[in-house]
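Contents: one structure, followed by commentary.
The values are calculated or read from the model by the stated rules, or taken from the named source; none is laboratory data. This structure is a prediction, so every number in the text was calculated from the model and none was measured. Cβ placement follows ideal geometry from the backbone for every residue including glycine, while neighbour counts extend to all protein chains displayed.
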Amino acid sequence: MANESTETSGGVADAESAFMTLSHDLRLEILLALWDAPGFSLSFSELRSAVGERDSGKFTYHLSELQGHFVAQTDDGYELQYPGHRVLDAIQSGVFHEQAAVDPVELDADCRDCATALTFEYGTDFIGRVHCPDCGNRALEWPFDPGGTADRDPEEIVNAFDRRTRLIWSCALDGVCPFCAGRIDREFASNVDDHGICIGVLEELDRYDEYFARDHPAVVSVDCERCSFYSFIPVGVVLLSRPSITGRLHEAGIDVRRTPLWDLGFVVDADAIGLRMADSMAIEVAIQDGDEQLVCVVDESFDVSVERELDT
Ligand SMILES: [Zn+2]
Ligand SMILES: [Zn+2]
């Protein structure tokens with residue numbers, strides 16, 4: 001969310017200049033031709049014939065505009081550089097020029113409110129949605145790139161959505177932006193302050209009313225200091241990267257890696273989350289396994305401890 005200039009080199013003007021460099025279709029064709037080439041490298045004549053440009057002067061001019069950042073000149077010719085790869089990656093994600101839709105897919109997981117089978121849908125607003133077609137319960141929603149729907153059957157798309165959402169959440173919760181690698185500010189957001197006084201913070205947060213887990217007593221807000229990434233993550237997701245918790249769950253027969261996010265109650269169920277008010281705020285996350293319950297406490301440093309295990 002932060003737009004302030006940083007100490008690293010490169011400001012808005014430099015970024016505009018970089019985008020302008022890519023503003024001619026011949027330049028994108030040059031990047032694509034190098035991407036297709038063995039070792040991402042071609043000689044001048046190979047590259048020119050690959051893009052089919054007869055006008056040598058025009059070709060030379062556009063190639064020279066890419067040189068230095070997107071393309072490097074080597075002894076053998078021209079080679080695609082890391083920034084060139086990232087341009088192509090962004091194009092392949094489809095977010096700039098594609099829209100895809102996925103018809104409702106019935107999932108092998110039930111709604112926690114009414115036990116109807118959940119469905120997955122993906123629409124032209126770039127949001128993947130896991131929800132209950134009967135009672136409307138929104139189990140999980142997160143953006144997904146259209147590229148993720150290509151060459152996959154519906155079940156594979158659903159699996160990719162789960163994997164990618166996990167990756168983004170895990171990276172952001174570790175304080176690293178999954179999109180720009182910048183620093184992420186993380187903090188609990190809840191409707192009460194450290195003294196248990198209701199201060200209605202959540203409702204005041206930008207776009208919180210649209211958030212699928214807005215009924216949770218607390219969530220983790222994540223805000224990139226560098227790019228536009230700003231969102232909320234269910235507190236239970238913190239547990240997914242703690243071996244002390246995932247190990248116990250594994251012993252109890254719950255494989256958190258193979259179980260989709262929307263089938264993990266401690267991630268998606270508001271009732272699993274409780275607030276602890278002491279000197280500072282901590283969040284209690286209850287993991288139910290049959291008659292047994294594991295109560296974990298996530299503190300403000302995102303350290304997790306197991307508070308109690310109930311054997312009934
Ligand atoms: Zn339902
Ligand atoms: Zn970022």
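Considering F96, F120, F144, which residue is aromatic (F, W, Y) and touching a residue at least 24 places away in the same chain (Cβ under 8 Å)? Working first, answer last.
On the way: F96 fails: touching a residue at least 24 places away in the same chain (Cβ under 8 Å); F144 fails: touching a residue at least 24 places away in the same chain (Cβ under 8 Å).
After ruling out the rest, the residue left standing is F120.
Of the numbered conditions (1) of a type in the set (A, V, I, L, M); (2) at pLDDT 90 or above; (3) outside any strand (DSSP E or B), A2 satisfies every one except a single condition; which is it?
Only one criterion in (1) of a type in the set (A, V, I, L, M); (2) at pLDDT 90 or above; (3) outside any strand (DSSP E or B) is unmet by A2, namely (2).
Among (1) touching a Phe, Trp or Tyr at 6+ places or on another chain (Cβ under 7 Å); (2) in contact (Cβ under 8 Å) with a residue 24 or more places away in the chain, where does T74 come up short?
For T74, the exception is condition (1).
Of the numbered conditions (1) in contact with a Leu (Cβ under 7 Å, 6 or more places away or on another chain); (2) surrounded by fewer than 18 Cβ atoms within 10 Å (Cβ to Cβ); (3) modelled with pLDDT of 95 or more; (4) not charged (D, E, K, R), C132 satisfies every one except a single condition; which is it?
It is condition (2) that C132 fails.
Across segment 122-163, which residue is nearest to ligand 1 (Cβ to nearest atom) among those that are more than 17 Å from the chain's Cα centre (by Cα) and of a type in the set (D, E)?
Of everything passing the filter in segment 122-163, D134 is nearest to ligand 1 (Cβ to nearest atom).
On the basis of being within 22 Å of L275 (Cα to Cα), modelled with pLDDT of 95 or more, of a type in the set (A, V, I, L, M) and more than 16 Å from ligand 1 (Cβ to nearest atom), does L173 make the cut?
On the way: within 22 Å of L275 (Cα to Cα): yes; modelled with pLDDT of 95 or more: yes; of a type in the set (A, V, I, L, M): yes; more than 16 Å from ligand 1 (Cβ to nearest atom): yes.
Against the criterion (within 22 Å of L275 (Cα to Cα), modelled with pLDDT of 95 or more, of a type in the set (A, V, I, L, M) and more than 16 Å from ligand 1 (Cβ to nearest atom)), L173 qualifies.
From the set of residues in segment 275-312 that are at pLDDT 90 or above, surrounded by 15 or more Cβ atoms within 10 Å (Cβ to Cβ) and not β-branched (V, I, T), which is farthest from I184 (Cα to Cα)?
Per the criteria, the residue is C296.
Table: residues versus (1) exposed (fewer than 11 other Cβ atoms within 10 Å of the Cβ); (2) under 28 Å from the mean Cα position of the chain (by Cα); (3) at positive phi; (4) at pLDDT below 90.
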residue	(1), (2), (3), (4)
A18	no, yes, no, yes
L31	no, yes, no, no
A50	no, no, no, no
T60	no, no, no, no
H69	no, yes, no, no
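Test A90 against the stated conditions and say whether it is within 15 Å of ligand 1 (Cβ to nearest atom) and either aliphatic (A, V, I, L, M) or exposed (fewer than 13 other Cβ atoms within 10 Å of the Cβ) (or both). Spell out the reasoning first.
Numbers: within 15 Å of ligand 1 (Cβ to nearest atom): no; either aliphatic (A, V, I, L, M) or exposed (fewer than 13 other Cβ atoms within 10 Å of the Cβ) (or both): yes.
When the stated conditions are applied, A90 does not pass them.
Does E65 satisfy the condition of being closer than 30 Å to S228 by Cα and of a type in the set (D, E, K, R)?
Spelling it out, E65 is indeed closer than 30 Å to S228 by Cα and of a type in the set (D, E, K, R).
Go over the candidates F59, F19 one by one and state the one that is among the aromatic types (F, W, Y), without any contact (Cβ under 8 Å) to a residue 40 or more places away in the chain, touching a helix residue (DSSP H, G or I) at 6+ places or on another chain (Cβ under 9 Å) and outside any strand (DSSP E or B). Spell out the reasoning first.
Working: F19 fails: touching a helix residue (DSSP H, G or I) at 6+ places or on another chain (Cβ under 9 Å).
Result of the check over F59, F19: F59.
Of the residues that make up segment 80-89, is at least one under 20 Å from the mean Cα position of the chain (by Cα) and within 16 Å of ligand 2 (Cβ to nearest atom)?
Residues of segment 80-89 that are under 20 Å from the mean Cα position of the chain (by Cα), as a first pass: 85-89.
Add one more test, that the residue is within 16 Å of ligand 2 (Cβ to nearest atom), and what stays is 86, 89.
Within segment 80-89, one or more residues are under 20 Å from the mean Cα position of the chain (by Cα) and within 16 Å of ligand 2 (Cβ to nearest atom).
Quick check on this structure: which one of G84, G77 is surrounded by 12 or more Cβ atoms within 10 Å (Cβ to Cβ) and within 19 Å of S23 (Cα to Cα)? First the steps, then the outcome.
Values: G77 fails: within 19 Å of S23 (Cα to Cα).
Selected residue: G84, the only one of G84, G77 that is surrounded by 12 or more Cβ atoms within 10 Å (Cβ to Cβ) and within 19 Å of S23 (Cα to Cα).
Of everything in segment 172-185 that's outside any loop (DSSP other than H, G, I, E, B) and crowded, with 17+ Cβ neighbours inside 10 Å, which residue is farthest from the chain's Cα centre (by Cα)?
Going through segment 172-185, the residues outside any loop (DSSP other than H, G, I, E, B) turn out to be 172-173, 176, 183-185.
From what is left, the residues that are crowded, with 17+ Cβ neighbours inside 10 Å are 172-173, 184.
Numbers: A172: 8, L173: 11, I184: 13 Å.
Residue satisfying both the conditions and the ranking: I184.
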